[in-house]
Amino acid sequence: MYTMEYYSAIRNDKYGFRPASSMAAASGAEKEKERPGVGGGGWGSGAGAAGGNSTRERLLSALEDLEVLSRELIEMLAISRNQKLLPPDEENQVLELLIHRDGEFQELMKLALNQGKIHHEMHVLEKEVEKRDSDIQQLQKQLKEAEQILATAVYQAKEKLKSIEKARKGAISSEEIIKYAHRISASNAVCAPLTWVPGDPRRPYPTDLEMRSGLLGQMNNPSTNGVNGHLPGDALAAGRLPDVLASQYPWQSNDMSMNMLPPNHSNDFLLEPPGHNKENEDDVEVMSTDSSSSSSDSD
Amino acid sequence: MAAAVAMETDDAGNRLRFQLELEFVQCLANPNYLNFLAQRGYFKDKAFVNYLKYLLYWKEPEYAKYLKYPQCLHMLELLQYEHFRKELVNAQCAKFIDEQQILHWQHYSRKRMRLQQALAEQQQQNHAAGK
């Protein structure tokens, strides 16, 4: 009986080894037709194990079948011419198979054509997609740049605002500043007197003498009769002593409101009762090297 | 009545404290005094260090305007650092600071002298050129 299996066998014999799947594909010819053409894989990829699925494979196998069938037919005709032994059924069978296979082949060709068109469209679309992709990437880059620039701008604006706030916070009237500048320069506290020479006892800080004659120094020296006892004979220094340390601001006046006073959270430097006033006293005591005036009752 | 009296004494106490702290913080501008304190170990006392930290309030403008020797603020800031306090035990350190302070103190007078000299020279040149 001339069946497809028979012809596949012949084909395998004639053409050598074929992948097993294509044999199975050949026997399941009906199944093949129903398989979706697109799922038949790449038009160009007839590779290896995927075998009979691709349209190309199917086309090729159809072609081979046709070839085999036509060869059989011709051989049979040739034999029947010599031999007069007519197996009419077989001829018809072969013919029918041939026609059938040809029909399949034609359909496969149409399928292939469609697939080609689709593939072409796919290609066009892919190109389109690529173009769009690159557009999107370009846009993304630009957006990122924009974001960076904006972030920088925002940051700088914030910094500016911060510094504005800071400046506003520290705003002082120019008059006050001028007054203060005048005060500290007039007394040579920040700028040396023009006639200063080495040997001049004046200094940019309160000197020993001045410290002792200030409030701190006087706190433990109630017995000293004024400052004249300690003078080195420099009239200049003497003349400057009385107001040299204490602020020239009339602090006996009521101008100094309560909120000018030093912050009062300071009583616990050691987390223990003794306040800092005691420390001032200690300093002053120890500072005066004149033994007659020191009265150290605490240590 | 008692409350008013109490307020008054409190006020007086605060005023005294203000003046004392004002004097003390300005004394810190004197490097010799700082050396004195360092050598007697005051800087090792934690309470004293805390006191120095407390004194930082003099940096606020409303308090700073009472300072006659504003250099004391810089010294106060430096005193917050342990390393500086340790260094002050050396007399050379205090001497160096003293010298630098005095030199800086003379900065403006030097500048003025230079300007005056330059002006004098220029006048001389003009005079010579005029003749």
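The values are calculated or read from the model by the stated rules, or taken from the named source; none is laboratory data. What you see is a predicted model; the values in this text were computed from it and never measured. When we count neighbours, we look across all protein chains shown, and the Cβ atoms used for this are built from the backbone with ideal geometry, even at glycine. Side chains included, ligands, DNA and RNA excluded: accessible areas come from the protein's heavy atoms. Shrake-Rupley method; radii C 1.70, N 1.55, O 1.52, S 1.80 Å.
General remarks:
- Surface analysis of chain B yields an accessible area of 58 Å² per residue, using protein heavy atoms and a 1.4 Å probe.
- Counts of other chain beta carbons within 10 angstrom of each beta carbon in peptide B:69-76 average 3.
- Counting Cβ atoms of other protein chains within 10 Å of each residue's Cβ and taking the mean over peptide B:51-59 gives 3.
- Shielding score for A:165-176, defined as the mean number of other chain Cβ atoms within 10 Å: 1
- Candidates B:E62, B:E87, B:E21, ranked by Gaussian network fluctuation over chain B, Cα under 10 Å, top entry: B:E62
- Other residues with beta-carbon under 13 Å from the beta-carbon of A:K166 carry, at +1 per Lys or Arg and -1 per Asp or Glu, a net charge of +3.
- Separation of the A:A157 and B:N90 label points, Cα + 7 Å toward Cβ, nm: 5.3 nm
- Local net charge near B:Q100, Cβ-Cβ under 15 Å (Lys/Arg +1, Asp/Glu -1): 0
- Normalised contact order of chain B, rounded percent, pairs of Cα under 8 Å and 6 or more residues apart: 29 percent
- Chains A and B together, accessible area buried on both sides, 1.4 angstrom probe, square angstrom: 5200 Å²
- In terms of packing, defined here as the mean over residues of other Cβ atoms within 10 angstrom, the peptides A:108-120, B:48-60, B:25-37, A:129-141 line up highest first as B:25-37, B:48-60, A:108-120, A:129-141.
- Accessible-area loss of 30 Å² or more (1.4 Å probe, protein heavy atoms, chain alone versus all protein chains) is found in the range B:91-106 for B:I102, B:W105, B:Q106.
- In loop segments of the range B:72-131 as defined by DSSP, the chymotrypsin sites (Phe, Trp or Tyr not before Pro) with at most 12 further C-beta atoms inside 10 Å of their C-beta are B:Y81.
- The accessible surface of the range B:2-86, taken with every protein chain in place and a 1.4 Å probe, is 58 percent carbon and sulfur.
- In this calculation the C-beta distance from A:L194 to B:A64 is compared with R0 = 35 Å, giving a FRET efficiency of 0.85.
- Farthest toward positive dipole pole in the range B:2-130 [+1 Lys/Arg, -1 Asp/Glu at C-beta], among B:A38, B:N50, B:L20: B:A38
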